[in-house]
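A short write-up of the structure that comes next.
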Amino acid sequence: MDLNNLIATIITSTAALVAIIGGFLVSRVVSISSEQNGIKRKLREINNDLVAKREIKLNIENYLFEDDLNDFVTGKNIKRLVFEEKSLEGIIEEDEYTYLTKEQLEPHFEQLKRIVKEMFEIMKKLDAIDTFTNFKEKANGFNYPEREEWYKRVFDAINDEISKSQSNGIFGHLHNFAPINPNAFTPNTDYKDKKRERDRLDDEIRILELQKNAQLELLDNYGKPVWIWSGIAVLIYASIVGIIYPSTLLPYPADRYNDNLTKWFLLGLFYSQLISLFIYLSIAMYKLTNKDEV
């Protein structure tokens, strides 16, 4: 029996089916790649927004921290430190200060004590000074120039006590300085606005993080197209049983094999690949159209 025509037909038919299904898979891979690029672009935008908003939030938190810290470094608390020699715990308790914790205040409290010590040493060397500006010029610079406002507050607090003390009192060895200015410490009207802005940024950052997690989940799902890999496996199987193996029989040798058995074996392989392809297409269409898979 001449099986050359049958083998050629099986090879041609299988090649056509593989080309059709392969084209479908290639288009789907291109589509997934495009969707992945869109998700990655969205993730980059979200990450950029997160970086910008976190930086703004950090700046605001630093501003609020410094404002809270300055609320602690008042003339009253400076006098408690300098003239009553109260500890940090005692000042916090007496002032009923709750904005910052003791642990947050400790390093800055130590810095304030060093500033007070520096101010006393400078005052001992200078003649009477009427303003902080003149005092600053005479001092020829401070150890902590970024804390100039604290120096001014310490100056005013010490100056106020000196003006109240007698010449032979505890501060008699110091020179007289100008009295404290009651309007030296003006309230910060931007504080509440900054807090509202920080809370708004917190909400926006949480929303962006939720969006980022959703995009990452989408990207993870697109990175696992199981049914595409199963389609490639079906195509490989079809190519083996419908193209590669039958082509090894060409030209078909006469009187070597059992022609009838070979015929049905080749047809069985061809039918098996058809069944595999139709099962795969059915599953793929089900996954694409089933709402539960969304």
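Brief remarks on what is shown
- For region 38-89, the set of GluC sites (Glu not before Pro) satisfying both a DSSP loop assignment and a count of at most 13 other C-beta atoms within 10 Å is given as 84, 85.
- Only Lys, Arg (+1) and Asp, Glu (-1) charged, at Cβ; the chain dipole about Cα centre in debye: 1120
- Over region 9-68, the pair-distance histogram of Cα-Cα distances with 5 Å bins from zero comes to 4, 15, 9, 10, 8, 8, 8, 6, 7, 5, 5, 4, 4, 3, 2, 1, 1, 0 percent, rounded to whole numbers.
- Between helix 226-239 and the chain: long-axis angle, C-alpha atoms, 0 to 90°, nearest 10: 30
- Between the helical axis of 148-164 and the longest alpha-carbon principal axis of the chain there is an angle of about 20 degrees.
- For region 27-139, the calculated P(r) over all alpha carbon pairs, in 5 Å bins from 0 to the bin holding the longest distance, is 2, 9, 13, 13, 10, 9, 9, 6, 5, 4, 4, 4, 4, 3, 2, 1, 1, 0 percent.
- Protein heavy-atom surface of the chain, 1.4 angstrom probe: 55% of the accessible area is carbon and sulfur, with nucleic acids and ligands not counted.
- Stokes-Einstein diffusion of the chain at 4 °C, 1.567 mPa s viscosity, Kirkwood radius from Cα pairs, rounded to a whole number: 47 µm²/s.
- Acute angle (nearest 10 degrees) that the helix 4-72 long axis makes with the longest principal axis of the chain, alpha-carbon atoms: 10
- Based on C-alpha pairs under 8 angstrom that are at least 6 apart in sequence, the chain has a relative contact order of 35 percent.
- Furthest towards positive pole of dipole, 25, 289, 78, structure part the chain, Cβ charges: 25
- The chain - accessible surface per residue (Å², probe 1.4 Å): 62
The values are calculated or read from the model by the stated rules, or taken from the named source; none is laboratory data. Because the structure is predicted, anything quoted here is derived from the model rather than measured. We place every Cβ from the backbone using ideal geometry, glycine too, and count neighbours over all the protein chains shown. The accessibility values were calculated without ligands, DNA or RNA, using every heavy atom of the protein model including side chains. Shrake-Rupley method; radii C 1.70, N 1.55, O 1.52, S 1.80 Å.
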